[in-house]
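This report concerns only the one structure given below.
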Amino acid sequence: MTGLLLALAASVISAPAQPSCADVPQSKVSAAVSRLMTPDDLARLRDFGEPTDSQSDVGLSVSPDGGQVAFQIRQADPVSNSYCLSMIVMPIDGHGEARIVDRGGELILRQDPQWDLGPYPSGNAKAIKPAWSSDGRSLAYLKQVDGQVQAWVADAGGGGSRAVTTGPANVVALKWVKDARVIDVTFEDLTALKQADAQEARRGYHLDDRFVPITRDRPFFVAPLPQRNEAIPVSPFPTSSFTKSEDVGTAPTPPPHWLAFVIVDQGAAVSIEELARKAGITRSCPDAACSGRILAAWQAADRQSLLFLRRVGRANGDMALYQWRLDKGKVIERFRTAGLLLGCEPAQDMLVCAQEEATVPRRIIRLNPQTGATSLVFDPNPEFKQFRLGPVRRLFWSNDRGIETYGDLVLPPESRKGGKLPLIVTTYRSRGFLRGGTGDEYPIQPLAARGYAVLSFDEPRHIASFVKTSSQAEYNAINRKNWANRRSIQSSLEAGIATVERLGLTDPTRRAITGLSEGASILWFSLINSNLFAAASVSHCCEEPISSMALLGERGAKGFEAGGYPLLSDNDQPFWANMSVSRNAAKISTPILFNLADAEYLHSLVSIRALRFFGQPVDAYVFPDEQHIKWQAAHRLAVYERNIAWFDFWLKGIVPRDAETAKRWTLLRDRKPMAENKAG
């Protein structure tokens with residue numbers, strides 16, 4: 001694997017700048033090398049797939065013969081504010097050398113429709129899953145260069161790569177047809193829509209439900225967006241780098257033992273029996289393991305057994321792989337983890353999966369479904385073993401409604417004599433590698449290395465999930481009635497902190513909370529309705545009558561109204577009393593740092609103005625060309641470092657090195673609130 005990592009160091013990177021990637025470490029790291037993790041180390045970790053726990057967005061692709069796996073690796077470079085991107089082919093047995101078959105390009109971001117409007121960017125990296133040709137000699141995949149997404153093909157043996165499409169329309173999907181000689185390409189062709197948009201701009205846009213004012217000052221297109229398909233002939237590469245043993249054309253492809261059955265949508269509540277019936281399998285499964293919602297399933301080629309993956313254990317904190325032996329009527333647990341098992345692809349009689357643990361970043365493993373045995377296929381971050389990581393302990397508790405949840409407590413990697421530790425709470429999911437909380441802005445291990453205890457809080461099941469509902473609107477309305485779900489989560493947060501406090505390790509006067517998206521809502525409800533925290537940092541703000549009901553546009557407002565929010569004209573004081581920051585600004589004295597995306601910062605202005613009017617200690621930053629999830633490498637590192645500096649200042653009394661920041665924060669600390677003011 002050394003050759004691969006050295007080759008990664010030479011990757012060609014696209015505009016706006018070209019990182020050298022020269023600091024990519026070699027795969028063999030001396031055991032004597034040991035150090036604490038820094039924010040820069042965390043920002044530069046290599047990744048593949050989307051940074052979520054989705055089963056469908058991992059990006060692993062197994063060759064037709066089951067012997068190789070292809071995937072794209074990305075590594076952020078904060079200095080150039082870009083990414084090193086490489087398409088890799090790796091033998092599944094883990095023994096051969098990995099091949100880089102393509103380098104370069106730009107990070108492709110997801111742009112799924114929101115409220116039936118699009119393209120609507122989220123900031124999440126799109127999983128680039130390459131498609132194998134039927135002969136196993138070529139790969140087809142999406143690649144973005146100069147802002148344009150095209151279809152590319154690469155010789156799987158490393159003999160070169162090239163674009164096979166051109167033109168202004170972005171490619172959004174592709175698949176092989178006709179014996180590896182033609183690719184069926186799906187284009188998202190916005191040409192006509194853009195022309196109509198330009199014409200409308202000349203006479204003024206009609207302000208209607210196409211607008212989401214918080215995001216931009218012009219209308220979105222209405223989904224579904226126009227697409228067209230085109231068959232693209234692909235000529236073979238003139239030479240191939242396959243050796244004789246690798247040449248899959250010399251022998252018939254063995255039949256796979258397992259067949260990909262289904263990956264279940266994250267929101268669907270589907271049991272393995274329901275899926276089996278759809279496949280013509282009518283047997284019942286009385287085993288308790290068959291009763292829960294499944295995440296993915298695979299069927300044996302002989303139809304005598306099914307594999308299925310689901311969440312299990314206390315507070316659904318584990319994942320388990322089961323085998324349902326239809327011929328014997330037995331269900332056997334084959335594999336279990338407190339981390340993540342994602343995107344498993346059949347490879348003959350094995351599964352090739354992405355795996356994460358609390359202190360192990362995402363890697364590729366081979367899993368034997370018959371025994372549960374695993375082996376490493378590819379580790380994108382072999383140098384990770386040099387870091388002295390903080391130990392992780394999973395804690396469980398129940399809230400005042402009896403709903404159980406958990407949190408992962410991370411302690412400093414080195415024992416510290418003396419006083420108790422300051423505690424930082426990250427939200428709102430704690431699954432897999434503990435990186436930076438949901439949205440990845442609060443660097444957990446670097447914070448632990450800095451002497452903080454970190455509680456990675458996994459929010460409990462929503463109140464509405466215990467009731468059968470017929471629509472998302474009904475589900476949301478149940479959660480929002482009298483803020484029932486917010487109160488449930490707050491109770492869990494309080495119980496979790498009490499659980500940590502009973503360990504006697506943390507200082508109750510030095511706690512901080514963080515959050516993005518749902519995590520931000522957890523944060524604001526807690527700051528308004530409790531006095532738990534001495535500092536806070538937030539990535540998104542806030543639920544206000546104007547922000548929620550006007551700045552999100554007509555479609556967003558209607559969605560909120562259907563989910564239980566009052567009309568803007570109602571001026572419902574009791575409803576907003578527990579959630580509106582502006583209406584509680586006089587009493588929110590917790591120092592708050594805002595790191596905001598420019599696509600969302602307007603949402604925060606009412607709240608920030610109210611807090612500043614009452615003299616509350618707040619500081620705010622806006623990051624350009626960012627979305628709900630911040631994707632730029634330089635921005636992520638800046639957010640990491642500023643968050644640490646903020647907590648150091650308010651929880652430890654450490655003054656920032658930057659003189660201007662130190663002066664501003666010192667003034668915030670020394671200024672007294674103006675709670676007697678009544679209006680802003």
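The values are calculated or read from the model by the stated rules, or taken from the named source; none is laboratory data. Just so we're clear, the structure is a prediction, and the values are computed from it rather than from any experiment. Cβ sites come from the backbone with ideal geometry, for glycine too, and all protein chains shown count toward neighbours.
For the range 600-614, the criterion of a residue being surrounded by 17 or more Cβ atoms within 10 Å (Cβ to Cβ), among the polar types (S, T, N, Q) and touching a Pro at 6+ places or on another chain (Cβ under 6 Å) is satisfied by no position.
Here A662 fulfils each of the conditions (1) surrounded by fewer than 19 Cβ atoms within 10 Å (Cβ to Cβ); (2) under 30 Å from D112 (Cα atoms); (3) of a type outside the set (K, R) apart from (2).
In the range 212-231, the residues that are within 30 Å of R181 (Cβ to Cβ) and at pLDDT 95 or above form Cβ pairs under 7 Å with partners that are assigned to a loop (DSSP other than H, G, I, E, B) and among the charged types (D, E, K, R), at six or more places apart or across chains, as follows: P226/D189; Q227/D189; R228/D189.
Taking first residues from the range 136-153 that are touching a residue at least 12 places away in the same chain (Cβ under 8 Å) and partners that are part of a strand (DSSP E or B) and of a type in the set (S, T, N, Q), the Cβ contacts under 7 Å between residues at least 6 apart in sequence or on separate chains come to K143/Q150; Q148/N170; V149/N170; W152/S161; V153/S138; V153/S161. Would you check if there is a residue in the range 158-165 being free of Cβ contacts under 8 Å to residues at least 24 places away in the same chain, over 30 Å from S517 (Cβ atoms) and not assigned by TED's automatic domain parsing to the domain that holds D625? Yes; the residues of the range 158-165 include at least one that is free of Cβ contacts under 8 Å to residues at least 24 places away in the same chain, over 30 Å from S517 (Cβ atoms) and not assigned by TED's automatic domain parsing to the domain that holds D625.
Once the range 437-483 is narrowed to residues that are in a strand (DSSP E or B) and of a type in the set (A, V, I, L, M, F, W, C), the residue that is farthest from G556 (Cα to Cα) is A453. On the basis of being surrounded by fewer than 23 Cβ atoms within 10 Å (Cβ to Cβ) and either not assigned by TED's automatic domain parsing to the domain that holds L423 or not acidic (D, E) (or both), does F647 make the cut? Against the criterion (surrounded by fewer than 23 Cβ atoms within 10 Å (Cβ to Cβ) and either not assigned by TED's automatic domain parsing to the domain that holds L423 or not acidic (D, E) (or both)), F647 does not qualify. Checking the stated criteria, L434 turns out not to satisfy the condition of being crowded, with 21+ Cβ neighbours inside 10 Å and closer than 17 Å to V500 by Cα. When each of L341, L307, L321, L376 is tested for being assigned to a strand (DSSP E or B), at pLDDT below 95 and outside the structural domain of S456 (by TED's automatic domain parsing), the lone residue that passes is L307. Select from the range 71-107 the residues that are in a strand (DSSP E or B) and more than 21 Å from the chain's Cα centre (by Cα) and list them in ascending order. Selection gives I88, V89, M90, P91, R99, I100, V101, D102, R103. Residue-level check: of (1) surrounded by 18 or more Cβ atoms within 10 Å (Cβ to Cβ); (2) modelled with pLDDT of 95 or more; (3) over 30 Å from N368 (Cβ atoms), W176 misses just (3).
When restricted to residues that are of a type in the set (A, V, I, L, M), crowded, with 20+ Cβ neighbours inside 10 Å and within 30 Å of G402 (Cβ to Cβ), the range 297-319 contains 2. Please find, within the range 549-581, the residue that is modelled with the lowest pLDDT out of those that are among the hydroxyl-bearing types (S, T, Y) and crowded, with 21+ Cβ neighbours inside 10 Å. Looking at the filtered set, the residue picked out is Y565. For a quick check of your reading of the model, give me the residue pairs whose first member lies in the range 97-112 and is in contact (Cβ under 8 Å) with a residue 60 or more places away in the chain, whose second is in a loop (DSSP other than H, G, I, E, B) and aromatic (F, W, Y), with beta-carbon atoms closer than 7 Å and at least 6 apart or on different chains. If the second residue must be in a loop (DSSP other than H, G, I, E, B) and aromatic (F, W, Y), the pairs left are L107/W631; L109/W631.
When G451 is tested against the conditions (1) modelled with pLDDT under 95; (2) more than 17 Å from E404 (Cα to Cα), the lone failure is (1).
Just checking, which of I588, I522, I608 is out of contact with any helix residue (DSSP H, G or I) (no Cβ under 6 Å at 6 or more places or on another chain) and of a type in the set (A, V, I, L, M)? Matching residue, one of I588, I522, I608: I608. Does R334 satisfy being at pLDDT below 95 and either surrounded by fewer than 16 Cβ atoms within 10 Å (Cβ to Cβ) or closer than 27 Å to G280 by Cα (or both)? Considered against the rule, which asks whether it is at pLDDT below 95 and either surrounded by fewer than 16 Cβ atoms within 10 Å (Cβ to Cβ) or closer than 27 Å to G280 by Cα (or both), R334 comes out as no. On the stretch given as the range 488-532, residues that are free of Cβ contacts under 8 Å to residues at least 60 places away in the same chain and either outside the structural domain of N399 (by TED's automatic domain parsing) or basic (K, R) (or both) total 1. Of the residues making up the range 76-115, those that are within 30 Å of T215 (Cβ to Cβ) and in contact with a helix residue (DSSP H, G or I) (Cβ under 7 Å, 6 or more places away or on another chain) are A76, D77, P78, N81, S82, Y83, C84, W115. The set of residues in the range 382-411 that are surrounded by 21 or more Cβ atoms within 10 Å (Cβ to Cβ) and either under 29 Å from V69 (Cβ atoms) or free of Cβ contacts under 8 Å to residues at least 60 places away in the same chain (or both) comprises F387, D408, V410. Among residues of the range 612-633 being touching a helix residue (DSSP H, G or I) at 6+ places or on another chain (Cβ under 8 Å) and hydrophobic (A, V, I, L, M, F, W, C), the one that is farthest from A534 (Cα to Cα) is A633.
Of the strands (runs of 3 or more DSSP E) that lie entirely inside the range 132-230, those containing 2 or more residues that are in contact with an Asp or Glu (Cβ under 8 Å, 6 or more places away or on another chain), closer than 29 Å to E600 by Cβ and not charged (D, E, K, R) span 138-145, 170-177.
If you take the residues of the range 281-296 that are surrounded by 14 or more Cβ atoms within 10 Å (Cβ to Cβ) and farther than 26 Å from A354 by Cβ, which of them is modelled with the lowest pLDDT? Among those that are surrounded by 14 or more Cβ atoms within 10 Å (Cβ to Cβ) and farther than 26 Å from A354 by Cβ, it is I281.
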